[in-house]
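Below is one structure; the comments refer to it alone.
The values are calculated or read from the model by the stated rules, or taken from the named source; none is laboratory data. Just so you know, these numbers come straight off a predicted model, no measurement behind them. For neighbour counting, all protein chains shown are included, and Cβ atoms are generated from backbone atoms with ideal geometry for every residue, glycine included. Just so you know, the surface numbers come from the protein's heavy atoms only, side chains and all, with ligands and any DNA or RNA stripped out. Shrake-Rupley method; radii C 1.70, N 1.55, O 1.52, S 1.80 Å.
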Amino acid sequence: MKAKVDQSLCIGCGLCVTTCPDVFRMNDDGVAEAFQEYSTDLVDSVNEAIDGCPVGAISTEA
Ligand code: F3S
C-alpha cells in the first residue's frame with residue numbers, strides 16, 4: 001500500500017513523521033513525503049498519521 005502527502009497542504013508540523021517514521025519523512029523543502037510503500041502491519045500507524053494531520057494532507061492510494 002502507498003500513502004501520499006499533498007505537499008501543497010502540508011505545513012511541516014512533523015506529526016506524521018513522529019507517528020509513523022517507517023513511511024513518512026521530511027524532505028529538504030520542510031514538508032513531509034511518503035518515501036516507501038507499507039504493509040498491513042503499518043496500516044494502524046498510517047491511519048493514525050492521517051487522522052492526526054492538522055491539515056488533512058495525507059491520503060492513501062491503492
Ligand atoms: Fe505535514 Fe500533516 Fe505530516 S502537516 S508533516 S503531512 S502531519
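What number of residues within the stretch 1-48 are small (Gly, Ala, Ser) and within 10 Å of the ligand (Cβ to nearest atom)? Matching residues across the stretch 1-48 total 6. Scanning the stretch 49-62 for residues that are among the aliphatic types (A, V, I, L, M), out of contact with any Asp or Glu (no Cβ under 7 Å at 6 or more places or on another chain) and within 11 Å of the ligand (Cβ to nearest atom) turns up Ala49, Ile50, Val55, Ile58. Scanning the stretch 32-58 for residues being of a type in the set (Asp, Glu), open to solvent by 70 Å² or more (accessible area, probe 1.4 Å) and in contact (Cβ under 8 Å) with a residue 24 or more places away in the chain gives a total of 2. Of the residues making up the stretch 4-26, those that are outside any strand (DSSP E or B), of a type outside the set (Asp, Glu) and open to solvent by 70 Å² or more (accessible area, probe 1.4 Å) are Gln7, Ser8, Leu9, Ile11, Cys13, Leu15, Thr18, Pro21.
Residue selection: Asp29 fails the criterion of being part of a helix (DSSP H, G or I), open to solvent by 50 Å² or more (accessible area, probe 1.4 Å) and not hydrophobic (A, V, I, L, M, F, W, C).
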